[in-house]
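Notes to accompany the following structure.
The values are calculated or read from the model by the stated rules, or taken from the named source; none is laboratory data. Owing to the predicted nature of the structure, the values given are computational and were not obtained by experimental measurement. Heads up, the Cβs are rebuilt from the backbone with ideal geometry, glycines too, and the neighbour counts pull from every protein chain shown. Protein only, heavy atoms only, side chains kept; ligands, DNA and RNA dropped before computing areas. Shrake-Rupley method; radii C 1.70, N 1.55, O 1.52, S 1.80 Å.
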Amino acid sequence: MTQPTETPARRVAVVTLGCSRNEVDSEELAGRLAADGWALVADPAEADVALVNTCGFVEQAKKDSIDALLEAADLKDGSHRTQAVVAVGCLAERYGSELAEQLPEADAVLGFDSYAALSGHLRAILAGSRPASHTPADRRMLLPLTPVDRAAAAAQVSLPGHGTTGGDPTAYRPMRALLEDRPWAPLKIASGCDRRCAFCAIPAFRGSFVSRPIADVVGEARWLAEQGVREVFLVSENSTSYGKDFGDLAALEKLLPQLTAVDGIDRVRVSYLQPAEIRPGLLEVMASTPGVMPYYDISFQHSASGLLRRMRRFGGTDAFLDLIARVRSMTPEAGIRSNVIVGFPGETEAELGELELFLAMARLDVVGVFGYSDEDGTEAESLPDHLDTEVVTERVARVTDLVEQLTAQRAEERIGSEVTVLIEAFDDDEGMPVGRAEFQGPEVDGVTSLPGADVRVGDIVPAIITTSEGIDLVAAPR
């Protein structure tokens, strides 16, 4: 009797654009699909479906996302396995049907509310169906205005990166499949944002701020440790708001020691701190809890107080310098990174000069410099006194040149310092071990190389900084 043959598993490749928050979302999607029988592959050319998790933050990120979708669509030429290309993520959520209309190469454009049923959508697409494109809406309207009223309603709203398989809370299992083989992983602690910065569209398509329960975050950290992760990188749109929606503004201070106590997690790193919300108690806990890295990702955006008010933000040069001084008084070796926007509507030469003076005095380790561009639906889009594109470009180049000099000087100041380096990879050309010191964040904040060191990926190596190359460092094992 002939035995029935099993139908081969459908294959899916998840392509991720954008930030570490998007990485978590991609891994949740991968977990959902794997649980429903899909085989995960890295190469879209070897997949039945290329699932592109897009970024919709700024113009360049949008362009990169569209390029990735077109590149994947080119694989549907019959010489590869790829049969369908599906857009998800922030660009898809933000523009939905408009994106689908302008990008017919994509077989579907799905929003966040499709994630729970994603497997069914992909199977239907492969069967010849074309689901209706997502219709964008302001996701802030989905939850109560008052944060503490959101808990019950949040369970009915799709929150990417918050997924769980349920079951025994003592054996927490996230709805997640790791797509990267490395000794660190992003760990989402919240989604959305309640701030109303004039230049930012994120709250409209990511929704209001919602914290994940402490038990879920700690449970996911345990699971990550079981996968070999040694450092967790806490991500959200605003980590300093963590817990406000369950009535505890000190929740982050309570979370950090619980994470460092997880067996196998040696390093905990916090990202995206809003300067106006940084509490003395949070600084004390970050400085005094062993295992919390001396890393402060503080979103300054500018330093001229008048311009910050036009941005709908708070603070200014003196307040920011005072905050930096408090951080360094508690943690002299702290690494401090930030982003700044130049060319915001109405920015004067005096305000730009104040920003340059602030950067010189602050001695930051890493600074991302962005030129202002209009974002659909934001307040800044309708402000008067927009600067010419040529002026914005010139100011970006000017501040970038200054930042490169200042951050290189800051790196030089660290020569002779004792550090511990988490080994992440080996240089492809020379096989040199490369990792990060305590004050270096992943991917964009510089690396530390250890020439000739006999180490493995995942090792945490005591070392002494011997030289610097821009913001990158070279060290010798101790």
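Data table
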quantity: Relative contact order (percent, whole number), segment 241-372, Cα cutoff 8 Å, 6+ residue spacing; calculated: 21 percent
quantity: For residue 467, distant residues with modelled amide H under 5 Å away; calculated: 474
quantity: Formal net charge of residues neighbouring residue 280 (Cβ-Cβ distance under 13 Å; K, R +1; D, E -1); calculated: -2
quantity: Residue-normalised accessible area of the chain, expressed per residue, 1.4 Å probe, Å²; calculated: 42 Å²
quantity: Shape call, segment 115-214: gyration tensor on alpha carbons, a/c limit 1.5; calculated: oblate
quantity: Spatially proximal lysines relative to residue 188 (Cα-Cα < 26 Å; intrachain offsets below 8 disregarded); calculated: 62, 63, 244, 254
quantity: Over segment 225-305, relative contact order from alpha-carbon pairs under 8 Å, at least 6 apart, %; calculated: 34 percent
quantity: The chain - mean residue ellipticity at 222 nm from DSSP helices (-39,500 (n - 2.57) per run, n ≥ 4, rounded to 500); calculated: -9500 deg cm²/dmol
quantity: Protection-proxy order for peptides 15-25, 113-123, each taking the mean of Cβ atoms within 10 Å per residue, highest first; calculated: 15-25, 113-123
quantity: Whole-Hz couplings from phi, Karplus 6.51/-1.76/1.60, listed for segment 438-448; x for Gly and Pro; calculated: 4, 8, 10, x, x, 6, 10, 10, x, 10, 10
quantity: Other-chain or far-sequence residues with amide H under 5 Å of residue 292's (modelled H); calculated: 268
quantity: Isolated Cys residues of the chain, judged by Cβ distance under 4.7 Å to other cysteines; calculated: 19, 55, 90, 193
quantity: Protein accessible area in segment 3-96, 1.4 Å probe - carbon and sulfur %; calculated: 50 percent
quantity: Between helix 214-226 and the chain: long-axis angle, C-alpha atoms, 0 to 90°, nearest 10; calculated: 80 degrees
quantity: Convex hull volume per residue in cubic angstrom - Cα atoms of segment 87-156; calculated: 83 Å³
quantity: Counting DSSP beta bridges with both ends in the chain, the antiparallel % (nearest 5); calculated: 35 percent
quantity: Relative contact order, percent, segment 341-454 [alpha-carbon distance under 8 Å, six or more residues apart]; calculated: 23 percent
quantity: Residues in segment 363-396 that a label on residue 409 would reach, taking backbone N under 19 Å of a point 7 Å out along Cα→Cβ; calculated: 363-369
quantity: Segment 371-443 shape via C-alpha gyration tensor axes, a/c threshold 1.5; calculated: prolate
quantity: Cα Rg, Dmax, segment 1-83, angstrom units; calculated: 15.1, 61
quantity: Shape of segment 178-250, Cα gyration tensor, a/c cut at 1.5; calculated: oblate
quantity: Angle in degrees between helix 389-413 and the longest Cα principal axis of the chain, rounded to the nearest 10; calculated: 70 degrees
quantity: Accessible-area order (highest first, 1.4 angstrom probe) of the listed residues 97, 236; calculated: 97, 236
quantity: With Cα atoms, 0 to 90° folded angle of helix 349-362 axis to the chain main axis; calculated: 80 degrees
